[in-house]
Structures are given as C-alpha cells and as structure tokens.
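Data first, discussion second: the structure below is written as structure tokens.
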Amino acid sequence: MKWYFVFISFLVGLLSLGEEIVWVRIVSFLGHSVPQSFSFVLFCYISGIAIGALLGPKLLRTKLSPLLIISNLLLFSAVLVLAAPWIIKYFTNSFFLVFITAFLIFACAGFKGAIFPLVHHWFSLPGENLGRTLSWVYCANLLGSAMGPLLVGFWLLDAYSMFSALELLGSIELTSGISILLFSVSSFLKHIAAVVCLIISTVVCALLFSESKNVLKTVIAEGFPEHEKISHVIENRHGVIFTLSNGKDLADAVYGGNVYDGSFNIDLVKNTNKIDRAYILAALQPQPRRALFIGLSSASWLRVVSAMPGVENIDVVEINKGYSTLVNQYPGANDIFNDRRINFFYTDGRQLVQKAINENKKYDLIVMNNTWHWRIYSTNLLSIEFMGMLKKVMNKGAVTTFNSTDSLDVVFTAKNVFDKVYMYRNFVYVSDRNLSQSLVEYKDRLCSLSAARVDGQNCGQPAYHSATQSLSSVHLLEWEEIPKAWLNGRSAEVITDDNMITEYRFGSGFSM
C-alpha cells in the first residue's frame, strides 16, 4: 500500500481546519466581532469542501498521475491562501469585500476538499481490506483536523499576526505541493526544475511572511480618517487590540476586535470618554472596601476607583492579557501594576465569579467593563444567569455597574434580578438600596479622591470642583423614567444564556 496517501490525508486535514481558524479570526475582525462571522466562515468552508468533494473525482478522467493531481490542487489552493492577505488589503472598505472573502474561503476549501475522496480512491483496497484502508485515511484526516485548530488557535495566533499565520500555512501548503510534485516526476530535468521551484517558492514565501505583519495596520488605517494614527497593535490568541491617536489634545482610543473599547482618559473636566460614569461611584458607594473589576480595557475606570477613599482590595479579571501589555505602555496608567491592593487574574470572568461563590467571597463594588451588547460572547456577561451570579457575591449595600450599550433588554434583565436598578447615561447601576439618596448624602466624596491617583485633579481647581458639583446633581433614571424609543415599539425582553437575543435577534447583524 502507498502509505504516503495517508500522510497526505493528515496534511489536508491539518491545513484545512488550521486555515479555517485563521479565517474565523480575519472575518470576525473585519465584521466587528459579531457572532455571525463564524457562521459565514463555516458556510463558505463547508460549501467549498462539498463542491470540491463532488468535482474532485472528475479529475480521475485525466491521464495525470495521482500525485501530480494532488500536487496541482495543493498549489492552486496555496496561491490563493498566500494572495488572500493582499487581496483583502486592496479591497478593504469595498462593497465587494464580503463577496471576495467568501470566494477565497470557498475556493481554498474546495481545492483541498477535492483531495480527500481522491486519496480514498487511490489508497483503498477492494475486497475484505476495504474497511481497514478506509479507516486509515479517515483516521489520518481526523487527526490532522484535530491538530490544526489546536496548533493554530493556541500557538500560531499567539505568536504571529493573523495575516502572517495565513501566510505561514500557505507557505507550508505551497512547499508541500512542490515536494509532492518533486516526488511524482521521474525525469532528471523535471527533478531539477522542481527543486528550483521549491527554492524560489521558499524565498517568495519568506518575503510574503515578513511583509504580512504590516497588512493589519493598513487594514485598520483604511477604516479611520487620515488624522487618526495607529499607536499600538497587539495580537494574541484572544484577539486584536489597537489604539488610535487623533493628533489632537485627546487621549488615545482603545479598540478590541475592531470595536471601540474605551480611551486613556481620567480627566473629569474634559470627560471625553464619559469618565464621569466612574467618578459617580464615589458617591454611590461610600464603603468600597472590596472591589471586583471584570474587564480591564484602558484601565481608566480602575484608576478612578483605586483613587476612592476606603478601597482596600481590588480583584481584576481579564481574559486577554494583551490589555495589560497595552496599559503597561502608557505612563501614568501603568502605575496600577505597582499598587499592592490590586490583584490581576487572567481568566474567564464567569469562572472567577463562580469561584468567588464557591468560596463565599463578597464584594462591595463590582464594575463590568463589558463591550457592546451585540458582540460575540456578550451574553456571557449580560444574561440573567450571570447577573444572578453577581448578586450572590455582593455584600449588603454593594453596588454593581455595567454598560448597557443602549440596550434596554440589558436594563430590563437587571430589573428582574436586582432590587434597585438605575441608569446614568448608558450605564446601569444596581444595588439593594436607594442610590439616588446615596448620591445626595455622599456627594462630598467626589472631592475626596486621591489626587495622586487621578493625575493631580482636586476640588481646589475651579474647573474640577465645578465638574463634581454638576455630577452630584445628576438624576439617576429608574426603569419607569427611561425613554423606550430604543425598543422601536417592542417590549423589552430578558436575556438568557440560551436565547442570546442581544447577539442575534436584536444584534447588529453581519457586515464587512
């Protein structure tokens, strides 16, 4: 038996599923991290494999050798994979981007999908050994399909840019195709030609790989005005984080997954990022002894809360360590890493809260730096189940706050869990006591923040004092007072882990 067909089956599985993981990352980024991105890639990929498997056997009618057919299919696929980053770069912000991306995914999957039935045909033996030979091909393909996502998802995307990862996989595909071609020819001159092609392709792949790390910056820049410049880009297996500077006297803005995530500003007077929503917590919670932060972002909110009198301990949970790497590059913001009261946990927020429940650990203040309600996985932090978990780790009189991102379903869900629910701007503040009364009683605490922690701001400065006075007089809206125009005539609904309404039914939908 020709066992190299089994290895080819393994290789095709590894490359196919590995590339699919990268495509999910690319499409998710281009589509602003909506959950439909995965469905889009899966549809294109499965369709490509199906059509490839259907048309592949027709190649048996040709007079080409089996290895030559496989080599050509791998080479065609490799060329598309290697060209994909540059094609996407060229068509960024184009109406045709979604169709071109769909074609690239479909075609790359189709060429490799055609190989699988052909390998079965050439390796399988008729008769009593048919089942055994079929099993070998299937086993090898499934092993490759399992290893591909593991290697790409946990290592490759943690070490390289997503476009560089695609170039690397395309390079492996190209060199494999040429190597199989070299193995399939018998003429000495053809061997020499194949070796030369292998050397040239290796050099070309190395050049493409080295240049691919700049593709992402170009794609990002195409989505913003020219005066906004990229300050930092961080990529790891959790996603893409970047910051933009607009060239004016404004703080850098943070984007996670190509979606606005906050900015590096704690200036209450400028209030460019509505940081007053964090400052107001000083009056809403007069005893913030133990605090929990779910999500770090720019750490602006964390800096404000750490400046509040009475704070003794802050637990910060962030699943993406890239945010800490980013914050560490900003003088002033990176002081939080020297604060012994602050403990960082790089894990899933729900896991940490569940651990706190198991250990009967309670908090006086909980701040969720959650992202837009329509982004993928947002339900994990906005569902009634998770809000119920938060309630279990709240001390008596505790305050929890999170961003509704203008979704009244988020507010309504909170109303079904907590005793008192209020809204200021787009943030929800919940507790078991009257927070409006607390704002009146403890408004002087707005002038008690540690000036050293908030860039020297204090109430001795007229502008800052005026800002605190304005903040202390705001009216916290209760559910009955909140305008319902955002609902567009429908009734608010409770978000659950199962219905995921903010991501799908009432989400933003898919676009690129």
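The rows are residues; the columns are (1) more than 30 Å from Gly509 (Cβ to Cβ); (2) in contact with a helix residue (DSSP H, G or I) (Cβ under 6 Å, 6 or more places away or on another chain).
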| site | (1), (2) |
| --- | --- |
| Ala282 | yes, yes |
| Gln287 | yes, no |
| Val304 | yes, yes |
| Ile319 | no, no |
| Ala333 | yes, yes |
| Asn338 | yes, no |
| Glu359 | yes, no |
| Leu365 | yes, no |
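Name the residue, out of Tyr255, Tyr260, that is surrounded by fewer than 16 Cβ atoms within 10 Å (Cβ to Cβ) and either outside any loop (DSSP other than H, G, I, E, B) or among the hydrophobic types (A, V, I, L, M, F, W, C) (or both). Just one listed residue meets the conditions, Tyr260.
The rows are residues; the columns are (1) part of a loop (DSSP other than H, G, I, E, B); (2) farther than 18 Å from Tyr377 by Cα; (3) modelled with pLDDT of 95 or more.
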site	(1), (2), (3)
Gln457	yes, yes, no
Glu480	no, yes, no
Val494	yes, no, yes
Asp498	yes, no, yes
Ser508	yes, no, no
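When every residue of segment 123-136 is checked against the conditions, none turns out to be within 23 Å of Val41 (Cα to Cα), hydroxyl-bearing (Ser, Thr, Tyr) and either without any contact (Cβ under 8 Å) to a residue 24 or more places away in the chain or assigned by TED's automatic domain parsing to the domain that holds Asn214 (or both).
Go through segment 1-46 and report how many residues are of a type in the set (A, V, I, L, M) and within 22 Å of the chain's Cα centre (by Cα).
So the count comes out to 10.
One line per residue, one yes/no per condition, for (1) of a type outside the set (Asp, Glu); (2) loosely packed, with under 14 Cβ neighbours inside 10 Å; (3) at pLDDT 95 or above:
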| site | (1), (2), (3) |
| --- | --- |
| Arg61 | yes, yes, no |
| Leu67 | yes, no, no |
| Ile87 | yes, no, yes |
| Ala107 | yes, no, yes |
| Tyr160 | yes, no, no |
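Among the residues of segment 276-296, the ones that are buried (at least 23 other Cβ atoms within 10 Å of the Cβ) and farther than 23 Å from Lys396 by Cα come to 2 in all.
Picking from residues in segment 1-41 that are part of a helix (DSSP H, G or I) and in contact with a strand residue (DSSP E or B) (Cβ under 9 Å, 6 or more places away or on another chain), the one that is surrounded by the fewest Cβ atoms within 10 Å (Cβ to Cβ) is Phe29.
Candidates in segment 65-100 are the residues that are out of contact with any Cys (no Cβ under 8 Å at 6 or more places or on another chain), among the hydroxyl-bearing types (Ser, Thr, Tyr) and in a helix (DSSP H, G or I); of these, the one that is nearest to Tyr4 (Cα to Cα) is Ser71. Residues in segment 400-419 that are over 17 Å from Ile294 (Cβ atoms), within 24 Å of the chain's Cα centre (by Cα) and among the polar types (S, T, N, Q): Ser407 alone. Reported count of residues in segment 466-496, each being in contact with a Cys (Cβ under 7 Å, 6 or more places away or on another chain) and exposed (fewer than 15 other Cβ atoms within 10 Å of the Cβ), is 0. Scanning segment 489-509 for residues that are of a type in the set (S, T, N, Q) and over 14 Å from Phe386 (Cα atoms) yields a count of 3.
The values are calculated or read from the model by the stated rules, or taken from the named source; none is laboratory data. Since the model is a prediction, treat every value here as computed from it, not as a measurement. Methodologically, a virtual Cβ is constructed for each residue, glycine included, from the backbone with ideal geometry; neighbour enumeration extends over all protein chains shown.
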